[in-house]
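Student: Input: one structure, supplied below.
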Amino acid sequence: MAQSGEIELCHLTKRFDRTVAVDAIDLAIPHGSYCCLLGPSGCGKTTILRMIAGHETPTEGDVRIGGESVVGLPPVRRGTAMMFQNYALFPHLTVLDNVAFNLKMRGVGKAERHQRAREMLAQVRLDQFADRMPSQLSGGQQQRVALSRALITNPRVLLLDEPLSALDEFLRLQMRGELRRMQKELGITFVHVTHTQLEAIAVADMVVVMDQGRIEQAGSAREIYTLPVSAYVARFMGGQNVLTGKVASVTDGIATLVSDTGERFSSPLNGQVVAEGDVLHCCVRRDRVALERVRRPPGALPEPTNAVVGAVHAIEYQGTYVKVTIDVPGREQFVANVVDSKFFANPVDIGDPVVARWVPEDVHLLTTSGQAGETHG
Amino acid sequence: MPARRSNTSRLRLHHLLVAPFASLLLVFFGVPLALVVVVSFFDLDQFDIIPTFVLTNYVELFGSSLTYTLYANTIKYAVIVWAITLVIGFTVSYFLVFHVRPFLLQLALFLLCTVPFWTSNVIRMISWIPFLGRNGIFNQSLIALGIVDQPLEFLLFSDFAVVIAYVHLFSLFMIAPIFNSMARIDPAVIEAAVDAGAGRFRVIREIVVPLSKTGIAMGSIFVVALVMGDFFVVKIMSGGQSASVVLAMSNETAVLQYPPAAASAVVLLLVVTAMVVGILRIVDVRRELAG
Amino acid sequence: MLRPGSRRRPWTFYGLAAFFTLYVLFLYGPMSAIFILSFQGPTGGLTFPMNGVSLHWFSALFGQQRTGDFAGSFTRSIVLAVIVLAITVVVSVMAGLAFRRRFLGSTLVFYMAIFSLIIPGLLLGLGVGLMFQFLGIKPSWYSSALGAQLTWTLPFGLLIMFAVFSRFNPAYEEAARDLGARYWQTLWNVVLPILLPGIIAVALFGFTLSYDEFPRTLIPIGSRNTLPLEIWAMTTNVTSPALYALGTLTTAISFVAIAIALTSIALIQRRRTRRGTRADAGD
């Protein structure tokens with residue numbers, strides 16, 4: 001099947017009894033791209049994958065692959081292949097017969113299907129394990145068998161449901177690089193479901209962040225990480241501090257915001273028109289925050305600008321940087337990722353009063369509010 | 001190839017799959033049961049069934065003091081056997097599930113308990129005769145050990161012998177479902193309870209018993225129903241000194257007294273059903289079985 | 001306690017182990033006594049001591065003396081058990097598949113099965129006997145008795161299928177469908193082979209429950225007995241060790257059936273976890 005593996009989801013909806021698992025989603029995944037559906041468990045990402053695969057029927061809306069609607073078609077006629085969460089390798093069949101399963105269903109003779117399955121296994125360097133049973137393989141080997149079994153169908157779309165979750169950390173890092181390389185080589189569309197942010201941005205051309213059955217943001221990994229559109233994405237991706245305040249004044253396209261607790265900070269408006277008193281959300285990257293120890297207790301400081309004042313809550317050494325979490329009275333915790341050389345040149349300790357400063361150019365305005373309004377700001 | 005198996009055709013498939021099962025049960029269980037009820041209202045004349053509608057069978061059944069004695073006797077057996085098999089079933093399962101490692105040994109010992117279940121009940125019952133008899137192994141051992149001078153008479157052909165045989169035959173029906181329930185308990189739950197400071201018996205009471213209640217209920221249903229429905233153990237092991245409801249019924253059918261036997265069967269079935277429904281009201285077995 | 005192998009075993013372990021050992025002795029002790037007694041010498045009686053050791057009572061069984069139609073009833077029992085096995089496996093596997101989803105009437109069928117299981121056997125036999133009498137069909141071991149036994153083996157088969165399916169991961173089916181298998185292909189190539197050990201267990205139950213059944217069979221058996229009915233008749237009129245010889249023989253048959261079933265289950269499980277290279281992948 002050499003057709004296009006472009007996927008379009010049009011108003012796709014899935015309801016189970018009363019609960020809405022997937023809520024009127026529109027999404028286009030270009031042919032030959034690596035797309036990650038990312039979100040917490042229960043956000044609907046696996047349901048979307050299963051609807052693309054044909055293991056779940058949409059309540060409303062359409063799934064189109066290569067420009068044609070596939071709703072109602074059995075999985076095999078969609079040109080998709082799925083890799084299941086714990087691989088679902090058939091325990092009663094050898095590795096070879098697992099890989100050859102699709103050919104057997106299509107009526108290919110024994111000699112030919114074994115020949116082709118062996119070739120497939122050779123590509124993932126598992127040919128010497130062809131006669132083993134799945135339970136005799138390691139997790140990483142099982143995953144490669146599952147991959148071979150799916151790819152022997154010659155799919156235009158490969159669907160991967162949490163493909164790395166059953167592996168230990170070391171293998172996980174190795175296999176995600178392998179997946180990425182494989183996708184480039186095959187040139188087909190990969191749709192990969194995960195709940196791990198770093199996994200998603202490491203492999204994907206396109207990351208789709210989901211929450212409660214809806215898409216929060218879809219874009220390149222770098223966009224999602226550095227230019228989140230909502231407070232939800234900013235918080236979920238983890239690289240940002242979210243700031244909330246009321247517009248006090250606007251000059252030269254830059255707004256000055258005042259938070260509930262009195263801090264003032266500037267945010268570029270990017271052409272957005274706002275009125276005084278509007279509540280805005282913006283964010284600043286954790287690694288663009290500078291930390292400074294103060295001698296006086298926090299309460300005795302003047303109202304800070306483009307800065308927050310608080311006490312160090314936790315310090316986590318991360319190798320290349322140090323993650324410092326700061327308790328700020330009246331708002332959510334603030335995080336500064338300090339380059340390790342800088343940190344150890346002038347270290348702080350838990351409980352120390354500190355000021356965290358940033359420059360207005362590093363502030364990014366969040367255009368959709370998401371659920372930010374409900375949480376403290 | 002059909003584009004999609006619609007919900008209705010899938011539903012039809014499920015009905016098709018269950019059809020042979022349901023029809024066989026309907027023909028060989030449903031219809032016969034209905035016939036028993038119908039015949040219980042028929043009259044009897046010199047070994048011939050007369051299809052009329054009379055209540056004589058029931059009137060005679062409830063009018064006879066023998067009926068009440070039989071029920072009292074049968075229910076007595078059921079309660080005693082239920083209590084003993086429950087203790088055995090729970091203890092054996094608890095030992096196997098929580099104290100025996102590795103898993104293969106656990107499975108092997110469980111199979112050791114179940115093997116006799118796959119052999120003949122009659123043979124297993126009569127195997128007690130050389131054991132418990134006046135000159136049986138048990139008495140000879142007791143005399144040899146100097147515990148008694150005279151052989152014990154009450155061992156065979158007595159209530160004692162009946163209960164022993166029941167426990168021997170039916171305890172597996174208690175062990176298997178309880179074992180099955182207990183085996184599904186996550187060991188981490190128990191370790192968590194121990195870590196939380198629960199002693200051995202608190203763990204059993206607060207964790208193991210509640211989580212095995214489906215198995216206990218299933219086992220209880222089996223044992224009660226089996227004892228209530230027995231006639232051969234009572235006949236042989238009591239040596240004719242005791243009787244049960246079904247034994248009386250079987251004596252009637254032996255002389256072709258079908259309508260009175262049917263009336264007795266209907267009453268027995270109502271009693272057993274009431275007991276089973278009572279157990280099912282305490283524990284919803286189906287939800288945990290099929291769900 | 002409860003921590004495998006981590007500490008010294010507590011006193012409860014030894015208490016429970018003793019209880020378990022006593023229970024196993026209780027289960028097997030009396031049975032082994034009659035196995036020994038069946039080799040009683042020709043002048044020996046129903047209890048110990050043994051008066052010599054011989055196969056006298058076994059040959060008496062085949063000698064057609066007063067022990068009735070042993071060979072005929074034995075053949076009938078085996079044939080009937082095989083028929084019951086076949087029907088039970090096919091019908092209860094199908095029903096087990098159906099019960100994976102709720103369908104109209106599923107609760108009704110479920111309760112019918114449960115009550116069919118717990119109804120006093122003699123009562124069920126009475127009903128089946130009456131039905132054949134009203135229909136004017138002569139009862140026989142291959143019709144009325146077969147039906148009566150199915151009311152006992154089918155619900156058992158269904159309960160085993162419930163247990164089997166509760167441990168079955170539906171992802172295997174989806175994987176098969178994903179790889180192009182249709183419903184029946186999935187069933188034949190994936191579901192049934194994976195469930196094979198459970199299906200063998202159903203077969204074992206079907207065979208042994210039928211082979212040893214007698215309360216349900218007693219009334220609707222017709223003119224020719226099965227082996228358990230023959231034994232039942234003997235318990236009241238045979239007072240020689242021939243009865244024990246028959247018991248030993250029929251138990252040996254049951255043991256053979258159990259051994260075949262358990263060995264094949266063990267072989268299948270071993271094949272799925274075996275080390276080294278394969279023999280042949282089969283098909």
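The values are calculated or read from the model by the stated rules, or taken from the named source; none is laboratory data. This is a predicted model, so every value here is computed, not measured. Note that we place each Cβ from the backbone using ideal geometry, even for glycine, and neighbour counts take in every protein chain shown.
Student: Take residues that are β-branched (V, I, T), surrounded by fewer than 19 Cβ atoms within 10 Å (Cβ to Cβ) and away from chain C (no Cβ under 11 Å) and tell me which of the strands (runs of 3 or more DSSP E) falling wholly in segment A:11-104 contain 1 or more.
Tutor: In segment A:11-104, A:19-29 are the strands (runs of 3 or more DSSP E) which contain 1 or more residues that are β-branched (V, I, T), surrounded by fewer than 19 Cβ atoms within 10 Å (Cβ to Cβ) and away from chain C (no Cβ under 11 Å).
Student: Oh, and also: Return a yes/no flag: does segment C:117-127 have any residue that is closer than 16 Å to C:A163 by Cα, within 8 Å of another protein chain (Cβ to nearest Cβ) and not in a helix (DSSP H, G or I).
Tutor: Within segment C:117-127 (the criterion being closer than 16 Å to C:A163 by Cα, within 8 Å of another protein chain (Cβ to nearest Cβ) and not in a helix (DSSP H, G or I)), the answer is no, since none of the residues qualifies.
Student: Before we move on, is C:E230 among the charged types (D, E, K, R), over 17 Å from C:L85 (Cβ atoms) and touching a residue at least 60 places away in the same chain (Cβ under 8 Å)?
Tutor: yes
Student: Further question on the same structure: Would you mind finding the one in A:V157, A:V145, A:V124 that is in the same structural domain as A:G44 (by TED's automatic domain parsing), over 19 Å from C:D178 (Cα atoms) and of a type in the set (V, I, T)?
Tutor: Answer to the selection: A:V124.
Student: For a quick check of your reading of the model, give me the residue pairs whose first member lies in segment B:240-269 and is on the phi > 0 side of the Ramachandran plot and surrounded by fewer than 21 Cβ atoms within 10 Å (Cβ to Cβ), whose second is among the hydrophobic types (A, V, I, L, M, F, W, C) and outside any helix (DSSP H, G or I), with beta-carbon atoms closer than 6 Å and at least 6 apart or on different chains.
Tutor: B:L256/B:F47
Student: Please pick out the residue among C:L61, C:L80 that is crowded, with 18+ Cβ neighbours inside 10 Å, among the hydrophobic types (A, V, I, L, M, F, W, C), in contact with a Ser or Thr (Cβ under 7 Å, 6 or more places away or on another chain) and at pLDDT 80 or above.
Tutor: C:L80
Student: What single numbered condition from (1) over 22 Å from A:T13 (Cα atoms); (2) in contact (Cβ under 8 Å) with a residue 40 or more places away in the chain fails to hold for A:E223?
Tutor: Unmet for A:E223, out of (1) over 22 Å from A:T13 (Cα atoms); (2) in contact (Cβ under 8 Å) with a residue 40 or more places away in the chain: (2).
A quick yes/no check of all residues on (1) crowded, with 19+ Cβ neighbours inside 10 Å; (2) within 22 Å of the chain's Cα centre (by Cα):
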position: C:I160; (1), (2): yes, yes
position: C:F165; (1), (2): no, yes
position: C:A175; (1), (2): yes, no
position: C:R182; (1), (2): no, no
position: C:F214; (1), (2): yes, yes
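So that you can scan it fast, the table gives a plain yes or no per residue for (1) part of a loop (DSSP other than H, G, I, E, B); (2) closer than 26 Å to A:V348 by Cβ; (3) small (G, A, S):
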{"site": "A:E216", "(1), (2), (3)": "no, no, no"}
{"site": "A:Y232", "(1), (2), (3)": "no, no, no"}
{"site": "A:V250", "(1), (2), (3)": "no, no, no"}
{"site": "A:S267", "(1), (2), (3)": "no, no, yes"}
{"site": "A:E276", "(1), (2), (3)": "yes, no, no"}
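Student: Still on this structure: Looking at (1) at pLDDT 85 or above; (2) of a type outside the set (F, W, Y); (3) closer than 20 Å to B:W128 by Cβ, find the lone condition where C:P49 falls short.
Tutor: So the condition that C:P49 fails would be (1).
Student: So, one more: So if I check each of C:A17, C:A60, which one is over 21 Å from the mean Cα position of the chain (by Cα), on the phi < 0 side of the Ramachandran plot and either more than 13 Å from every other protein chain (Cβ to nearest Cβ) or not in a helix (DSSP H, G or I) (or both)?
Tutor: Within the list C:A17, C:A60, the selection yields C:A60.
Student: Tell me which residues, restricted to segment C:10-23, are farther than 15 Å from B:R200 by Cβ and surrounded by fewer than 14 Cβ atoms within 10 Å (Cβ to Cβ).
Tutor: Listed by number, the residues that qualify are C:A18, C:T21, C:L22.
Student: Could you list all residues from segment B:221-278 that are hydroxyl-bearing (S, T, Y) and either in a helix (DSSP H, G or I) or over 23 Å from B:L156 (Cα atoms) (or both)?
Tutor: Scanning segment B:221-278 gives B:S250, B:T253, B:Y258, B:S264, B:T273.
Student: Shifting gears a bit: Looking at segment B:116-127, is at least one residue more than 8 Å from every other protein chain (Cβ to nearest Cβ), assigned to a loop (DSSP other than H, G, I, E, B) and over 22 Å from C:P49 (Cβ atoms)?
Tutor: Looking through segment B:116-127, none of the residues is more than 8 Å from every other protein chain (Cβ to nearest Cβ), assigned to a loop (DSSP other than H, G, I, E, B) and over 22 Å from C:P49 (Cβ atoms).
Student: Which one is farthest from the other protein chains (Cβ to nearest Cβ) among residues in segment C:132-142 that are free of Cβ contacts under 8 Å to residues at least 24 places away in the same chain and not aliphatic (A, V, I, L, M)?
Tutor: C:G136
Student: Select from segment B:198-233 the residues that are among the aliphatic types (A, V, I, L, M) and away from every other protein chain (no Cβ under 12 Å) and list them in ascending order.
Tutor: Within segment B:198-233, B:V209, B:L211, B:I216 qualify.
Student: Shifting gears a bit: Within 23 Å of A:V338 (Cα to Cα), assigned to a strand (DSSP E or B) and touching a Ser or Thr at 6+ places or on another chain (Cβ under 8 Å): does that describe A:A314?
Tutor: Taking the combined requirement at face value, the residue satisfies it.
Student: Can you find a residue that is free of Cβ contacts under 8 Å to residues at least 40 places away in the same chain, in a helix (DSSP H, G or I) and surrounded by fewer than 18 Cβ atoms within 10 Å (Cβ to Cβ) anywhere in segment B:163-182?
Tutor: No, segment B:163-182 has no match at all.
Student: Just wondering, is there one or more residues in segment A:106-118 that are in a helix (DSSP H, G or I), small (G, A, S), surrounded by fewer than 22 Cβ atoms within 10 Å (Cβ to Cβ) and at pLDDT below 90?
Tutor: Scanning segment A:106-118 turns up no residue that is in a helix (DSSP H, G or I), small (G, A, S), surrounded by fewer than 22 Cβ atoms within 10 Å (Cβ to Cβ) and at pLDDT below 90.
Student: Quick one: is C:L196 surrounded by fewer than 24 Cβ atoms within 10 Å (Cβ to Cβ) and either farther than 18 Å from B:L226 by Cα or touching a residue at least 40 places away in the same chain (Cβ under 8 Å) (or both)?
Tutor: yes
Student: While we're on this one: Looking at segment A:338-361 only, could you name the residues that are more than 21 Å from A:Q240 (Cβ to Cβ) and not in a helix (DSSP H, G or I)?
Tutor: If the condition is that a residue be more than 21 Å from A:Q240 (Cβ to Cβ) and not in a helix (DSSP H, G or I), then A:N346, A:P347, A:V348, A:D349, A:I350, A:G351, A:D352, A:P353 are the ones that fit.
Student: Does C:G282 satisfy the criteria of being at pLDDT below 90, part of a loop (DSSP other than H, G, I, E, B) and more than 30 Å from C:V90 (Cα to Cα)?
Tutor: Here the answer is no, as C:G282 does not meet what is asked.
Student: Going by the conditions given, is C:S144 out of contact with any Leu (no Cβ under 8 Å at 6 or more places or on another chain), of a type in the set (G, A, S) and buried (at least 24 other Cβ atoms within 10 Å of the Cβ)?
Tutor: yes
Student: Need the failing condition index for B:L86 against (1) aliphatic (A, V, I, L, M); (2) touching a Pro at 6+ places or on another chain (Cβ under 7 Å); (3) more than 9 Å from chain C (Cβ to nearest Cβ), just the number.
Tutor: B:L86 satisfies every listed condition except (2).
Student: Additional query: Hey, A:R180 hits all of (1) in contact with a Lys or Arg (Cβ under 9 Å, 6 or more places away or on another chain); (2) surrounded by fewer than 22 Cβ atoms within 10 Å (Cβ to Cβ); (3) within 14 Å of A:Y34 (Cα to Cα) but one; which does it fall short on?
Tutor: (1)
Student: Shifting gears a bit: Could you list all residues from segment B:95-115 that are part of a helix (DSSP H, G or I), at the interface with chain C (Cβ under 7 Å from one of its Cβ atoms) and farther than 24 Å from C:T251 by Cβ?
Tutor: Of everything in segment B:95-115, those that are part of a helix (DSSP H, G or I), at the interface with chain C (Cβ under 7 Å from one of its Cβ atoms) and farther than 24 Å from C:T251 by Cβ turn out to be B:F95, B:F98, B:H99.
Student: Pairs please, first residue from segment A:321-348 and in the same structural domain as A:E292 (by TED's automatic domain parsing) and of a type in the set (A, V, I, L, M, F, W, C), second anywhere and part of a loop (DSSP other than H, G, I, E, B) and surrounded by 14 or more Cβ atoms within 10 Å (Cβ to Cβ), Cβ atoms under 6 Å, 6+ apart in sequence or on different chains.
Tutor: A:F334/A:V328; A:A336/A:V289
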